[in-house]
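> Here it is, the structure in full.
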Amino acid sequence: MVRLRSILLFLLLFKSFGSIIAEEEDQIEQFSEALLLRPLPDRKVLAHFHFESKVPPTRTHGSHHHLFPKSIYQLVHKFRVREMELSFTQGRWNYARWGGYDPISSRNAKPPGVELWATFDVPQHQVDASWRNLTHALSGLFCASINFLESSTAYSSPQWSFKSFATNIRYGTLPREAVCTENLTPWLKLLPCRDKAGLSALMDRPSIYRGFYHSQRLHLISNEFDLAAASSGMVLEQTLTVVLQPVTLGSGMPSSVGSIQQPSWSLSSLFGRKVSGRCVLSNASNVYVQLEPNLVSELKTTSETQQQSDVENLISQAWSDMSFEMSESAVRVIQEANGFQKESCLLYEFSLENSSDSRPFDLEFRWKRPVTWSSQLAPLQAHRFLMGSGNERGAIAISLKSVGRSEYAKSSVNEEGRCSLRVDVFQVVPWYVKVYYHTLKVFLDERLHSLAYVVERTNVSPSNDKVSPGLMEIALRLPCDVHSVILTLEFDKGFLHIDEYPPDANQGFDIPSALIKFPEIKTKMHLFEDKSACKSPILSKLQEESPVLWYTEVLLVPLTTPDFSMPYNVITITCTVFALYFGSLLNALRRRVEEEERLLKSKAAKPSGPIGVLLSKLSAKLRGKPLEPPTPSSSSKVSYKLILRVILVAGIAAAWQYFYG
């Protein structure tokens with residue numbers, strides 16, 4: 001009996017001790033790092049860095065942190081930021097080749113330049129002031145021109161395009177902002193190990209910026225001001241998405257069938273560096289290699305052995321017998337559960353626990369035979385272009401074309417049994433592009449339809465000259481069997497003051513990218529239930545549902561531009577004439593004629609001495625002329641010349657002012 005009581009007491013203490021440890025783990029700061037590598041169909045490689053920092057609430061953990069960046073913590077509390085996302089992007093995501101129906105492209109494919117949106121936990125009348133202060137703080141923090149978003153002509157207030165429940169949201173973008181190392185260095189300083197250790201040490205600046213696409217993103221979620229529910233503190237997610245062209249490692253030669261083999265690559269060939277070890281402050285440091293579902297299907301069909309008919313046989317197959325091989329052994333292979341898709345993707349996980357300076361981690365991926373596949377696409381491919389000519393008016397057209405996949409229709413059947421697809425269009429145009437929203441036309445399969453048949457709801461805010469931009473949010477309900485959709489909007493081009501033109505005005509003016517959203521079609525990875533998967537933040541993010549997003553192209557609109565050289569010419573000529581006029585006038589007014597006459601007379605009357613007289617006589621005798629005494633010059637002729645010169649300059653100035661002034 002005593003023994004039973006002791007066992008029960010031990011179990012009770014063990015359970016309580018485990019709960020205490022779990023609570024303590026929830027109340028400490030956490031940091032994790034991960035790198036996801038994915039071969040792309042067009043002989044490129046996608047590298048996605050993911051860093052996540054978590055901190056408990058201030059009321060339980062205090063305001064002093066060891067891992068969480070202090071600058072971000074101060075921004076949250078000073079401006080009461082509830083959620084914020086900032087991205088710096090160079091290049092444009094190629095949806096047709098790199099995919100548009102996966103969590104990576106939906107969350108990390110951003111428009112060119114700078115994009116910022118934030119929600120605030122302040123009263124409605126204080127949102128604009130908080131937004132302006134936040135833009136100035138982020139501009140100084142990331143060495144960028146984000147402070148240009150403080151003007152009311154540069155930001156808008158969307159209703160449902162980003163956060164449907166948020167009312168205190170502001171959105172702004174700078175399409176022409178150049179991205180360079182000055183923006184990446186402050187971003188890396190927010191990491192506990194910066195770029196000195198861990199996966200961030202791979203971020204060699206020349207290797208990253210020579211890529212075809214580069215996007216650094218910062219996403220912050222704060223529950224510091226939510227006192228009603230159990231607050232989880234702050235979560236800072238930093239991602240860097242790069243598309244690189246790998247340096248060929250003994251591959252790329254044509255095969256017997258004439259196709260080009262995919263290039264082999266390694267970490268050192270992509271980034272020029274190896275991983276010498278993990279960041280000692282991180283809870284997890286992993287590297288993942290992802291194979292897309294279409295690639296897995298292609299590997300199965302092109303495999304040499306006919307017995308490989310399912311993914312399990314592909315996983316159990318030896319490295320040397322597959323279509324590719326990797327230099328390191330994977331810790332585990334994560335398989336995606338089949339949803340409505342025919343195939344599922346594979347994730348190979350590698351750990352950095354055993355890597356060090358003496359044994360650096362350098363994963364090498366080598367293809368053994370040519371493979372051709374295509375990435376998964378969004379339901380509709382979106383493009384935007386301008387119509388019309390001239391500097392007076394034009395039109396904006398948004399084109400949506402079906403990719404021909406019927407799998408999306410299974411989750412879009414309404415109560416009446418009718419298959420439909422909802423598409424949200426979000427577009428912001430500058431105030432000098434005066435869009436007439438009543439001219440909206442919708443063409444389905446090249447046939448004009450009424451707006452009541454297609455449009456579910458709208459949110460339109462016309463632009464106000466030099467006050468606010470134009471905002472358009474449209475929710476469309478399209479039939480699933482539609483092949484093409486075209487939306488057109490007419491606009492007039494406005495006139496700017498000469499002080500409002502940028503230095504490169506002849507290049508044109510940018511209209512930011514439009515956002516096409518498919519709210520009813522979610523994308524996520526359906527991984528098998530694994531307790532260890534929950535500990536990896538990047539796997540947790542890949543399993544979260546997110547709507548499919550598509551950013552269109554940035555439009556370049558030419559406006560009427562004045563001749564900026566004409567003011568320069570007028571100013572220079574006028575200044576020259578006035579300089580001649582006032583110079584001659586002051587010379588005539590300030591000259592003392594009487595003193596000059598007295599000076600000349602005194603010089604003439606002054607004897608030159610015997611030597612001078614002898615020289616004069618000798619010179620006159622040699623010339624054969626009599627010696628003449630020096631006579632003083634007449635001052636009246638000089639004065640007459642000055643007066644005539646002043647009158648001439650004054651007449652020229654008066655004529656110039658009369659005809660050109």
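> Of the residues His50, His61, which is open to solvent by 10 Å² or more (accessible area, probe 1.4 Å) and closer than 21 Å to Leu190 by Cα?
None of the other options fit; the residue is His61.
> Additional query: Can you tell which of Arg176, Arg170, Arg97, Arg107 is touching a residue at least 12 places away in the same chain (Cβ under 8 Å), open to solvent by 50 Å² or more (accessible area, probe 1.4 Å), of a type outside the set (A, V, I, L, M, F, W, C) and not in a loop (DSSP other than H, G, I, E, B)? Write out each step before concluding.
Details: Arg176 fails: not in a loop (DSSP other than H, G, I, E, B); Arg170 fails: open to solvent by 50 Å² or more (accessible area, probe 1.4 Å); Arg107 fails: open to solvent by 50 Å² or more (accessible area, probe 1.4 Å).
Of the residues listed, the single one that is touching a residue at least 12 places away in the same chain (Cβ under 8 Å), open to solvent by 50 Å² or more (accessible area, probe 1.4 Å), of a type outside the set (A, V, I, L, M, F, W, C) and not in a loop (DSSP other than H, G, I, E, B) is Arg97.
> Give the residue that is least open to solvent (accessible area, probe 1.4 Å), with candidates limited to residues of the range 421-464 that are of a type in the set (D, E, K, R) and either assigned to a helix (DSSP H, G or I) or within 18 Å of Pro379 (Cα to Cα) (or both).
So, considering only residues that are of a type in the set (D, E, K, R) and either assigned to a helix (DSSP H, G or I) or within 18 Å of Pro379 (Cα to Cα) (or both), the one least open to solvent (accessible area, probe 1.4 Å) is Asp424.
> Moving to a separate point now. Determine whether the range 112-129 contains at least one residue that is part of a helix (DSSP H, G or I) and in contact with a strand residue (DSSP E or B) (Cβ under 7 Å, 6 or more places away or on another chain). First the steps, then the outcome.
Of all residues in the range 112-129, those part of a helix (DSSP H, G or I) come to 124-129.
Cutting the leftovers down to in contact with a strand residue (DSSP E or B) (Cβ under 7 Å, 6 or more places away or on another chain) gives us 127.
For the range 112-129, residues part of a helix (DSSP H, G or I) and in contact with a strand residue (DSSP E or B) (Cβ under 7 Å, 6 or more places away or on another chain): present.
> Right, here's the next one. Tell me which residues, restricted to the range 187-228, are touching a Cys at 6+ places or on another chain (Cβ under 9 Å) and farther than 20 Å from Phe271 by Cβ.
Matches in the range 187-228: Pro192 only.
> Please enumerate the residues belonging to the range 500-519 that are hydroxyl-bearing (Ser, Thr, Tyr) and buried (at least 17 other Cβ atoms within 10 Å of the Cβ).
Ser513, the sole residue that qualifies.
> Give the residues of the range 70-86 that are charged (D, E, K, R) and not in a helix (DSSP H, G or I), sorted by residue number.
To start, the set of residues in the range 70-86 that are charged (D, E, K, R) comprises 70, 78, 80, 82-83, 85.
Within the range 70-86, Arg80, Arg82, Glu83, Glu85 qualify.
> Now for a separate question. Give me a count of the residues in the range 179-192 that are surrounded by fewer than 20 Cβ atoms within 10 Å (Cβ to Cβ) and either of a type in the set (Ser, Thr, Tyr) or in a loop (DSSP other than H, G, I, E, B) (or both).
Of the residues in that region, 5 qualify.
The values are calculated or read from the model by the stated rules, or taken from the named source; none is laboratory data. Small disclaimer: the values here were computed from a predicted structure and weren't measured. Note that we place each Cβ from the backbone using ideal geometry, even for glycine, and neighbour counts take in every protein chain shown. We work out accessible area using only protein heavy atoms, side chains counted, and drop any ligands, DNA or RNA first. Shrake-Rupley method; radii C 1.70, N 1.55, O 1.52, S 1.80 Å.
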